[in-house]
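Undergrad: Take this structure, written in C-alpha cells, and hold onto it; I'll ask about it next.
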Amino acid sequence: MPGGGWNRVLERNGTVGKAIEVLDQVADRGRPVRFSELLEESRFPKATLYRFLQSLVGQGMLAYDAERQTYMPGLRLVRLAHAAWQHSSLAPIARPHVDALAEVVREAVHLAQIDHGHVIFVDKRKKTNMFDTLAQTGLVAPSYCTGVGKAILAFLPEETRSEALKMQAFVPYTPHTHRSPRSLWPELDQIRDEGIAFDREEHEQGIISVAAPIIPDQRRVVGAISIATSTSRRSLDELKTLSPTLRETASRIAAEVQPWQFPN
C-alpha cells in the first residue's frame with residue numbers, strides 16, 4: 001500500500017479511537033447527559049466534540065433527545081452489547097452455575113473478566129434484597145481492589161500481570177485499599193498458593209467478598225467468580241467457609257469453557 005494509503009488508515013483508526021472515547025464518556029455517566037456537561041470534561045474542542053456526537057447519533061450508537069437536549073447510548077449499541085454478552089463473555093455458559101450458587105449461599109454472586117487491566121462484571125445474581133454492591137453487570141472496576149480482580153491478576157502470566165498492574169491507578173477507595181503494587185504483590189502470591197482471593201472492604205466500605213479464578217484445563221485464567229456480602233451479615237471468616245462451594249462452582253464453569261473463545 002502506498003504511503004498515503006497507510007496515512008489514511010492511521011487517520012481513520014485515530015478518528016475511530018476518539019469517537020469511542022466520546023462514546024465511553026456518555027456511557028460512563030449512567031444517565032442522559034447534556035452537551036455542556038460533556039464539553040466540561042472533554043479534551044476535544046467544542047466543534048470537534050459536536051462533530052463526534054453527531055456522527056455517533058447518525059450511526060445509532062448514541063440517541064439524542066431533542067426536547068431535553070441530552071445524549072444517551074443508542075439502541076444499536078445495546079444490540080452490539082447483547083451480541084458481545086452472548087458470544088464474547090462467560091455469562092451464557094456460567095449463568096446456570098451462577099444462579100445455583102446464589103441460591104445456595106443467599107448472597108450476591110459476581111462473574112467477571114479482565115479487559116485492559118480492569119475487570120468488567122459480565123453477570124450478577126443475588127437472592128436477597130438485604131444489601132447491594134456497587135458491582136453491576138457491565139460495570140468496569142479496578143482489579144487491584146476487587147476480589148474477582150485479584151483472583152484473575154494472581155493467575156495471569158507474569159509479564160501480562162506486570163502490564164496489568166501498570167494500568168492500575170491505586171486510588172485509595174477505603175482505608176483498606178492497596179496503595180501500590182508493592183503491597184499487592186505478596187497478596188497475589190498468597191492467592192496463587194491458596195486458590196482464592198478476598199476483598200476486605202477495599203473497593204466499597206462495608207462490602208467483602210471471596211473470589212476464585214476460572215481456569216479451564218489448567219490453562220490461562222479466563223475470569224473469576226465471587227460471593228459478596230455486607231459486613232453486617234457475615235465476617236471474612238464466615239465468608240471463607242463458603243470457599244469450597246465457590247471453587248467447585250468455578251471448576252464446573254471452567255469445565256464447560258473453550259479457552260479460545262475468551263481471549264485476555
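Undergrad: Identify all residues within the range 125-136 that are in contact (Cβ under 8 Å) with a residue 24 or more places away in the chain and not hydrophobic (A, V, I, L, M, F, W, C); write none if there are none.
TA: Narrowing the range 125-136 to residues in contact (Cβ under 8 Å) with a residue 24 or more places away in the chain: 125-127, 130-135.
Listed by number, the residues that qualify are Arg125, Lys126, Lys127, Asp132, Thr133.
Undergrad: Modelled with pLDDT of 95 or more, surrounded by 13 or more Cβ atoms within 10 Å (Cβ to Cβ), assigned by TED's automatic domain parsing to the domain that holds Arg106 and of a type in the set (Lys, Arg), is that true of Arg233?
TA: Against the criterion (modelled with pLDDT of 95 or more, surrounded by 13 or more Cβ atoms within 10 Å (Cβ to Cβ), assigned by TED's automatic domain parsing to the domain that holds Arg106 and of a type in the set (Lys, Arg)), Arg233 does not qualify.
Undergrad: Separate question: If you go through the range 135-173 one residue at a time, how many are of a type in the set (Gly, Ala, Ser), in a helix (DSSP H, G or I) and either surrounded by fewer than 17 Cβ atoms within 10 Å (Cβ to Cβ) or not assigned by TED's automatic domain parsing to the domain that holds Ser243 (or both)?
TA: 1
Undergrad: Checking Cys145 against (1) more than 22 Å from Arg247 (Cα to Cα); (2) at pLDDT 95 or above, which test does it fail?
TA: Condition not satisfied by Cys145: (1).
To keep it simple, each residue is scored yes or no on (1) surrounded by 13 or more Cβ atoms within 10 Å (Cβ to Cβ); (2) assigned by TED's automatic domain parsing to the domain that holds Glu248.
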| site | (1), (2) |
| --- | --- |
| Leu38 | yes, no |
| Glu41 | no, no |
| Leu56 | yes, no |
| Asp65 | no, no |
| Thr70 | yes, no |
| His110 | yes, yes |
| Gly117 | yes, yes |
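Undergrad: Considering each residue of the range 181-202, count those that are under 20 Å from the mean Cα position of the chain (by Cα) and modelled with pLDDT of 95 or more, and give that number.
TA: Qualifying residue count, the range 181-202: 10.
Undergrad: Also, I was wondering about something else. What pairs come out if I take residues in the range 208-219 that are closer than 7 Å to Ala254 by Cα and pair them with residues that are modelled with pLDDT of 90 or more and not in a strand (DSSP E or B) whose C-beta lies under 6 Å away, six or more apart or interchain?
TA: Within 6 Å, the pairs are Ile214/Val222; Ile214/Ala250; Ile214/Ile253; Ile214/Ala254; Ile215/Val221; Ile215/Ala254; Pro216/Ala254.
Undergrad: Do any residues in the range 155-170 that are among the aromatic types (Phe, Trp, Tyr) have Cβ atoms under 7 Å from those of residues that are assigned to a helix (DSSP H, G or I), where the two are at least six apart or on different chains, and which pairs are they?
TA: If the second residue must be assigned to a helix (DSSP H, G or I), the pairs left are Phe155/Arg192.
Undergrad: Looking at Gly206 and the list (1) at positive phi; (2) crowded, with 16+ Cβ neighbours inside 10 Å, which single condition is not satisfied?
TA: If we test Gly206 against (1) at positive phi; (2) crowded, with 16+ Cβ neighbours inside 10 Å, just (2) comes out false.
The values are calculated or read from the model by the stated rules, or taken from the named source; none is laboratory data. Remember, predicted model here, so these are calculated numbers, not experimental data. Cβ coordinates were reconstructed from backbone atoms using ideal geometry, including for glycine residues, and neighbour counts include every protein chain displayed.
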